[in-house]
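The values are calculated or read from the model by the stated rules, or taken from the named source; none is laboratory data. Note that the coordinates shown come from a computational prediction; the quantities given were computed from them, not determined experimentally. Note that each Cβ is placed from the backbone with ideal geometry, even for glycine, and that neighbours are counted across all protein chains shown. For the accessible areas, the whole protein counts, side chains as well, though only heavy atoms, and no ligand, DNA or RNA atoms are used. Shrake-Rupley method; radii C 1.70, N 1.55, O 1.52, S 1.80 Å.
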Amino acid sequence: MLINGKWTENWHPVQAKDEQGRFIRQTSSFRNWITVDGQAGPTGIGGFKAEKGRYHLYVALICPWASRTLMVRQLKGLQDMIDITVVNPQLGNQGWQFGGFDGANADPINGAEFLHQLYTKADPDFTGRATVPVLWDKQSGTIVNNESADIIRMLNTAFSDLVASNVNLFPDELAKDIDAFNVALYKQLNNGVYQAGFATTQAAYEEAYQQVFTMLDIIEERLSDGRQYLFGDQLNESDIRLFVTLVRFDAAYHGLFKCNRNLIKEMVSLHAYMQRILSLDGIAETVSLDHIKAGYYSIKALNPGGIVPVGPYTI
């Protein structure tokens, strides 16, 4: 936790909680947008024009929010536009750290040891948690945005003049439906698994547990008609948001977060849907079971012994 730019206490997963013991997630702080011409986006200030090689994405392969951005980067063909650094999946006393784990990188841009050092470079008086993803502007030496919902929207459109792509993850004709679905998906499932895992009362846990499996049952029924994706045959943003939770479920949320009514592998339509997305070009590169298991099971508040399960071997 940073307070006025100073690291003050060891990292802890529970950011805040309400009077009923429900986990409350921190709101993202940097909300600028990369745009085609550098004009301001829906939030924040302007000055961040889409340019090849100007931006850098810091991510954790354990993190579903960060993995959303990696998926869109792959699907939109932005690998040569935006380079990436993967942090160590094992969360230590100072949060996300660079290097020290197979597949994790040193920081090539700022030479930082910990992610929170990027936050204080961008804002010397920053107060809050240092989270991933971080979209960094190498030209101005600051954070553009640390909200994955914003980042996936901007990556869908900002580089359209530089990269030819027929992928549109937020088509106009589905925009209202996608937005509405995303709200329920986030509350009941994406964040719901965390509310179950980090609940500090039995009532808060059971409430979250019920929401998680109610949503999974709704989506299982929705997919049972043979459709390829949530809104038909076209992959969209909601599919990305759902996939990143599904792909972590059996390895982490089922056991560590006590979302244990059943595995995703036991839900026929959902499992086939997850595998369908995993097989898309480049998506498997955004998923690492080793990072997912090492990362979640390094959370001392939930797993004080630090023992990482051997299985599952496959998704």
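(1) among the polar types (S, T, N, Q); (2) without any contact (Cβ under 8 Å) to a residue 12 or more places away in the chain; (3) part of a helix (DSSP H, G or I): which one isn't true of N260, the others all being true?
For N260, the failing item is (3).
So which residues in the range 1-49 are at pLDDT 95 or above and at positive phi, if there are any at all?
Within the range 1-49, G38, G44, G47 qualify.
On the given criteria, is G77 part of a loop (DSSP other than H, G, I, E, B), open to solvent by 20 Å² or more (accessible area, probe 1.4 Å) and within 18 Å of F170 (Cβ to Cβ)?
Values: part of a loop (DSSP other than H, G, I, E, B): yes; open to solvent by 20 Å² or more (accessible area, probe 1.4 Å): yes; within 18 Å of F170 (Cβ to Cβ): yes.
Taking the combined requirement at face value, the residue satisfies it.
A quick yes/no check of all residues on (1) farther than 17 Å from F213 by Cα; (2) open to solvent by 10 Å² or more (accessible area, probe 1.4 Å):
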| position | (1), (2) |
| --- | --- |
| F243 | no, no |
| K258 | no, yes |
| N262 | no, yes |
| A284 | yes, yes |
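Check V86, V144 and return the single one that is crowded, with 23+ Cβ neighbours inside 10 Å and either on the phi < 0 side of the Ramachandran plot or in contact (Cβ under 8 Å) with a residue 40 or more places away in the chain (or both). Let's see the steps before the verdict.
Values: V86 fails: crowded, with 23+ Cβ neighbours inside 10 Å.
Every option except V144 fails the conditions.
Taking the condition touching a Ser or Thr at 6+ places or on another chain (Cβ under 7 Å), under 27 Å from H291 (Cβ atoms), touching a residue at least 40 places away in the same chain (Cβ under 8 Å) and buried (at least 22 other Cβ atoms within 10 Å of the Cβ), does V193 pass?
yes
When the range 47-71 is examined, which residues are found to be within 22 Å of G141 (Cα to Cα) and either free of Cβ contacts under 8 Å to residues at least 60 places away in the same chain or part of a loop (DSSP other than H, G, I, E, B) (or both)?
Within the range 47-71, G47, F48, K49, A50, E51, K52, G53, R54, A60 qualify.
The conditions are (1) part of a loop (DSSP other than H, G, I, E, B); (2) surrounded by 21 or more Cβ atoms within 10 Å (Cβ to Cβ), and Q234 fails exactly one of them. Which is it?
The one condition Q234 does not meet is (2).
Yes/no per residue for (1) crowded, with 16+ Cβ neighbours inside 10 Å; (2) part of a loop (DSSP other than H, G, I, E, B); (3) out of contact with any strand residue (DSSP E or B) (no Cβ under 9 Å at 6 or more places or on another chain):
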residue	(1), (2), (3)
W33	yes, yes, no
G38	no, yes, no
I45	no, yes, yes
R73	yes, no, no
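Starting from the range 271-297, take each residue that is within 15 Å of R73 (Cβ to Cβ) and list its partners that are at pLDDT below 95 and open to solvent by 30 Å² or more (accessible area, probe 1.4 Å), counting only C-beta distances under 8 angstrom and pairs at least six apart or across chains.
Sorted first by the residue in the range 271-297, then by its partner, the pairs are V287/I315.
How many residues are outside any helix (DSSP H, G or I) and open to solvent by 20 Å² or more (accessible area, probe 1.4 Å) when one looks only at the range 245-256?
Number satisfying all stated conditions: 2.
Just for the range 255-264: of the residues that are over 30 Å from G77 (Cα atoms) and not polar (S, T, N, Q), which one is farthest from the chain's Cα centre (by Cα)?
Checked the range 255-264; the qualifying residue farthest from the chain's Cα centre (by Cα) is R261.
Give, as residue ranges, the helices (runs of 4 or more DSSP H) completely inside the range 102-206 that count at least 3 residues that are over 20 Å from the mean Cα position of the chain (by Cα).
116-122, 175-185
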